[in-house]
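Each remark here refers to the structure printed beneath this line.
The values are calculated or read from the model by the stated rules, or taken from the named source; none is laboratory data. None of these values were measured; they are calculated from a predicted model. Positions of Cβ are generated from backbone atoms using ideal geometry, with glycine treated the same way; all protein chains shown enter the neighbour counts.
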Amino acid sequence: MNDPGGFEILTADPGSRARRGRLRTRHGTIETPCFMPVGTQGSVKAMSPAELEAIGTQVVLGNTYHLAIRPGIEIVETCGGLHPFMGWTRPILTDSGGYQVFSLARLRTITARGVAFQSHIDGRRLFLGPVEAMALQRRLGSDIAMVFDECAPWPCDRDYACQAVDKTLAWAAICSEQERADGQLVFGIVQGGEYTDLRRQCAERLVEIGFDGYAVGGVSVGEPEDVLLRGIRDSVGVLPPDRPRYLMGVGKRHQMLEAIANGVDMFDCVIPTRYARNGTAFTRRGRYPVKAGEYKDDKRPVEEGCDCYACSRFSRAYIRHLLNVNEILGIRLLTLHNLHRFMSFMQDVRQALDAGSFGAYRERWTERKDE
Ligand SMILES: [Zn+2]
C-alpha cells in the first residue's frame, strides 16, 4: 500500500492560486493538474486501455449509475471489480450516480433517504441514496468515490438551491460513515448553485465532516461563463489547501486554466471524446471540423507538429473520408488525437508550474477559447 490519500503540493504558483501536486491512490500516483477521460459505460469510447496509457492517461472516470443499470454491479463484482472488468490497471474515479439520477432518470421521488426512480433504459424501479451509492462504489472498487449529492439545475431559485445544499450535506455525512473498498478515497461535493453564501456554507460544512478531497459540482450546467467562474472561486476559496480539488464536468481549456489559477487540481469532461465522434478536432489553438469539405484533399495531419499516432501516420483527407463513410477507424483516430491533445495540455500546464512560468502560459491562452 502506498499511503492512499496522500497529497503533496510540489510547487505553488506565486502569481495565482495554481499548484502542482501529486495524489497517491491504491492504483498509482496522479500528477496534478490532471484531466480524466470519461469512461461512462466502463470504456472510454473507442479507446483501448493500451491506447489510453500510451498517451499518458493517469486516471479515468466510471459512471456508477450506468454500470448499475447495465451490466449490473453483481457482474462487475463477479469479474473482480471495475479495474479487471475493464482491463485498466491505473486509478479510477467513480461518480455516485447522483447526477444521472437527477438528469436522466424518470419519475423521480426524492426523499430524505435518497431518490426512487425509473431506469431510463428499461423502466425498472430503482432506489439510490447515499448508503446505496457508497455500497455500489465500494463493490466497483474505485480508487476515488464521490458522495451522493443533488446537482441543482440552472437557473435555480434560491429556495431550491438551499434545499439541494441541505440534502447534499446530510447525504455527505452519511456517505462519510459508509464502509469503503480497500484504500478507497472519498471526495465531498460543493453545491449551492450561483449563490456565493450557499457555496461557502456548503464547503465549510463539508470540511467539518472531513473528506480526502473536495469537488466543485453544479457548474457547467448551462450558466454563463462569469457565473461558472464565480461558482468555482466561491467554492474553492473555503477548501483546505492540503487536499485535492476536482472540478466536475468542465473541459473547455480556457475555463480549466482559469480554474487551475483558482486552485483546482482535477478535471473530467466528455468534450474531447464526444467532439471527436462529431468530427471535430482540437488543436493547440482551438478546434475545427475535420469533416468540412475544405479538408477533402488536405494532405496535412489533423494537427501539424502533433506526435500522436493519428497525426504521425494519416492525413486530414483520409480521416475526413473515414468519418464521412462512418468507418469506425475515423472516430478512433480522432478520439486518440483529441485525448492526446488534452493530455499534452495538462502536461504543458504541469511543466509551466514546475518551471515557474504558469503566468506566461495562462497569458498565451487569453486570446483563445474552446467555444
Ligand atoms: Zn495528433
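Structure values in brief
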{"quantity": "Extreme residue, farthest from the ligand (Cβ to nearest atom), among residues of the stretch 280-301 that are in contact with a Phe, Trp or Tyr (Cβ under 8 Å, 6 or more places away or on another chain) and within 19 Å of residue 46 (Cα to Cα)", "calculated": "280"}
{"quantity": "Residue match in the stretch 245-259 (condition: among the acidic types (Asp, Glu), more than 16 Å from the ligand (Cβ to nearest atom), within 24 Å of residue 165 (Cα to Cα) and under 20 Å from the mean Cα position of the chain (by Cα))", "calculated": "no"}
{"quantity": "Qualifying strands (runs of 3 or more DSSP E) (wholly inside the stretch 256-329; at least 2 residues being more than 24 Å from residue 99 (Cα to Cα) and of a type in the set (Ser, Thr, Tyr))", "calculated": "280-283"}
{"quantity": "Inter-residue pairs, beta-carbon under 7 Å, first surrounded by fewer than 13 Cβ atoms within 10 Å (Cβ to Cβ) and in the stretch 288-300, second modelled with pLDDT of 95 or more, 6+ apart", "calculated": "296/317; 296/320; 297/317; 299/315; 299/317; 300/315; 300/316"}
{"quantity": "Any pair with Cβ under 7 angstrom, 6 or more apart, that starts in the stretch 314-341 at a residue that is within 10 Å of residue 290 (Cα to Cα) and ends at one that is more than 13 Å from the ligand (Cβ to nearest atom) and among the acidic types (Asp, Glu)", "calculated": "316/298; 317/297; 317/298"}
{"quantity": "Residue within the stretch 25-39 that is in contact with a strand residue (DSSP E or B) (Cβ under 9 Å, 6 or more places away or on another chain) and acidic (Asp, Glu) present", "calculated": "yes"}
{"quantity": "Selected residue (only one of 249, 231 is among the small types (Gly, Ala, Ser), at pLDDT 95 or above and either out of contact with any helix residue (DSSP H, G or I) (no Cβ under 8 Å at 6 or more places or on another chain) or part of a loop (DSSP other than H, G, I, E, B) (or both))", "calculated": "249"}
{"quantity": "Qualifying residue in the stretch 330-342 (condition: more than 10 Å from the ligand (Cβ to nearest atom) and either over 30 Å from residue 33 (Cβ atoms) or among the acidic types (Asp, Glu) (or both))", "calculated": "yes"}
{"quantity": "Any hit, the stretch 348-363, residues being of a type in the set (Val, Ile, Thr), assigned to a helix (DSSP H, G or I), more than 15 Å from the ligand (Cβ to nearest atom) and crowded, with 23+ Cβ neighbours inside 10 Å", "calculated": "yes"}
{"quantity": "The listed residue being free of Cβ contacts under 8 Å to residues at least 24 places away in the same chain and in contact with a Leu (Cβ under 9 Å, 6 or more places away or on another chain), out of 115, 59", "calculated": "115"}
{"quantity": "Failed criterion for residue 30 (all others in (1) more than 17 Å from residue 270 (Cβ to Cβ); (2) without any contact (Cβ under 8 Å) to a residue 40 or more places away in the chain hold)", "calculated": "(2)"}
